[in-house]
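First the structure, in the form of structure tokens, and then the observations on it.
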Amino acid sequence: MRGLTDRVFIVTGAAQGIGEATARRLNEEGAIVALADRNRVGIEALADELSAAGGRAIGVTLDVSSRDEWMAGVGTVLGRFGRIDGLVNNAGVTRDRSLLKMTDEDWDLVIDVNLKSAWLGCQNVIPAMTATGGSIVNLSSESRWGAFGQANYASAKAGLVGLTRTVAVEHARHNIRCNAVAPGATSTPMVEAVPAQIRQGWLDAIPLRREAEPSEIAAAIVYLLSGDASYVTGQILGVNGGSAL
Ligand code: NAI
């Protein structure tokens with residue numbers, strides 16, 4: 001894909017799942033990748049693996065819900081590489097529980113890690129992009145339409161639609177594009193924690209009759225980061241096997 005070689009991208013939640021697949025794909029495309037995650041061991045292992053194979057990757061340990069940790073992490077990336085060309089706000093968590101049983105902790109954690117995190121990421125990274133332009137991709141979800149047991153998660157993922165479109169409108173003048181990818185069920189550790197019977201039930205609503213591989217979501221994310229998407233902004237790209245049809 002165009003415009004990725006030697007460019008610098010931050011990917012949050014890069015220790016596993018969709019974030020890891022995105023980091024691997026960016027590395028294959030010749031990009032420099034900052035792997036941001038609270039899982040220090042996971043990102044350092046991946047950074048070592050990519051670097052040993054000739055890639056350029058560093059681990060940046062941070063909690064995406066912390067403003068202070070974002071400031072420090074972005075400072076590390078700028079200090080090392082001198083520029084930031086793109087950001088993937090991918091880190092996420094679930095704490096599923098039906099509405100009446102959901103606790104304040106369930107609500108606050110999921111909103112902070114899935115939604116506030118992306119706002120903090122944009123606030124900290126955009127100043128480094130205003131002179132050069134850049135691309136931001138947020139991870140929304142099919143659950144943004146509402147899903148049983150996911151009042152917190154669905155609200156966060158719907159909130160990301162508003163954030164994505166607002167960033168796109170406010171920063172188009174800086175040639176900063178902002179889009180979201182909304183995956184359907186994807187075979188990652190997040191989903192592997194769901195009982196097999198429930199996962200099997202999902203397949204009935206997916207015309208392609210299978211879950212996505214993380215690399216299939218990564219391909220859409222990297223497309224939106226790339227120069228091939230230079231006229232695409234403010235969009236929510238469903239990658240869901242046709243499940244909304
Ligand atoms: P995952 O659970 O496999 O990986 C999430 C990563 O985020 C982990 O490496 C974890 O350490 C990191 N993380 C969690 N909290 C963090 C924090 N506070 N600070 C820094 N890092 C943190 O998740 P998966 O499946 O790869 O999901 C990635 C994104 O895609 C999430 O935003 C998720 O909501 C979204 N998504 C996933 C779908 C799926 O079916 N797997 C479907 C739709 C959206």
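Read-outs throughout are calculated quantities, based only on the coordinates presented, and are distinct from any laboratory measurement. Given the structure is predicted, the values throughout are model-derived calculations rather than measurements. Cβ sites come from the backbone with ideal geometry, for glycine too, and all protein chains shown count toward neighbours.
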Backbone HN-Hα couplings from phi across segment 169-180 [Karplus 6.51/-1.76/1.60, Hz, Gly and Pro as x]: 5, 6, 10, 4, 5, 9, 6, 9, 9, 9, 9, 10
Order of Val169, Val232 - criterion: other Cβ atoms within 10 Å of each residue's Cβ, fewest first: Val169, Val232
Interchain or long-range residues, amide H under 5 Å from Ile236's placed H: Ala180
For segment 1-71, size of Cβ-based charge dipole, Lys and Arg +1, Asp and Glu -1, in debye: 220
Solution diffusion estimate, µm²/s, Stokes-Einstein, segment 120-175, Kirkwood Rh from C-alpha pairs, 4 °C, viscosity 1.567 mPa s: 105
Calculated from backbone phi, Karplus (6.51, -1.76, 1.60) coupling profile of segment 16-32 in Hz, x at Gly/Pro: 7, x, 5, x, 4, 4, 5, 4, 5, 5, 4, 4, 4, 7, x, 7, 9
Sites excluded, trypsin sites (Lys or Arg not before Pro) in DSSP loops with at most 14 other C-beta within 10 Å, longest stretch of the chain: 3-208
Positive-end residue of Leu225, Val239, Trp202, charge dipole of segment 196-245 with Cβ unit charges: Trp202
Electrostatic dipole magnitude of segment 109-245 [Cβ: Lys, Arg +1; Asp, Glu -1; Cα centre; debye, to 20]: 280
Sum of side-chain charges, Ser215 neighbourhood, beta-carbon under 15 Å (Lys, Arg +1; Asp, Glu -1): -3
Per-residue ³J(HN,Hα) for segment 193-208, Karplus 6.51 cos²θ - 1.76 cosθ + 1.60, θ = phi - 60°, Hz, x for Gly and Pro: 7, 7, x, 4, 5, 5, 4, 4, x, 4, 4, 4, 9, 10, x, 6
Segment 148-245: chymotrypsin sites (Phe, Trp or Tyr not before Pro) in DSSP loop, at most 12 other beta carbons within 10 Å: Phe148, Tyr231
Nearest-20 debye value, the chain charge dipole, Cβ charges on Lys, Arg, Asp, Glu: 520
